[in-house]
Amino acid sequence: MLRPDRLPAAVRLIAYGFAVAVLLYLTLAPGEDLPPTHVWDKAQHAISWFVLTAIGLAFWPTRPARIGAFVLLLGVLVEVLQAVLPFGRDGDVRDLLGDAVGVLPALLIWLALRRLAFRRPLPA
């Protein structure tokens, strides 16, 4: 079975860079340029940051702290850019909390899967 962390580093970086670019577009583009959605804004943040964290953990499973920190810092950057860029978006600390709500379960699921993968069989 092909594991994402076994892909060449360049492929992983390009794929993750693409995911980050898509997220940046969705969070920084003018609201009227985006397709309408009926999902609560904070849920959108949580889902998006969960997916970005999960992708990062799939590509670099031995670096959960770095992935988590990167994704949270990206959330901070997005909120700052939304506050200063003239695209009709608003930076909001509550959005950053929504981001964190997405990162935390991704890290917890990673931890649970990691423990299952490295659990030793009980002696007979």
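Quick note: the coordinates plus some simple rules give every number you see, no bench work behind them. Quick caveat, the model's predicted, so the values are computed rather than measured. Every residue, glycine as well, gets a Cβ built from its backbone with ideal geometry; the counts of neighbours run over all protein chains shown.
Values computed for the structure shown
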read-out	value
Point-charge dipole on Cβ atoms (K/R +1, D/E -1) for the range 4-117, about Cα centre, debye to 20	720
Mean separation of Cα contacts under 8 Å, 6 or more apart, over the residue count of the range 37-102: relative contact order %	47
Exposure proxy order (Cβ contacts within 10 Å, fewest to most) of THR62, THR27, THR53	THR62, THR27, THR53
C-alpha long axis of helix 41-59 to longest principal axis of the chain, angle in °	40
Footprinting exposure proxy for ASP95, ASP41 (fewest neighbouring C-beta atoms within 10 Å first)	ASP41, ASP95
Inter-probe distance in nm under a simple model that places probes 7 Å from Cα toward Cβ, at ARG115 and VAL93	3.3
Calculated Cα Rg over 2.2 N^0.38 Å (choose from (1) 1.21; (2) 1.09; (3) 1.02), label	(1)
Neighbourhood charge, 12 Å Cβ-Cβ cut-off, centred on SER48 and excluding it, Lys, Arg +1 and Asp, Glu -1	-2
Relative contact order of the chain, defined on C-alpha pairs under 8 angstrom at six or more residues apart (%)	31
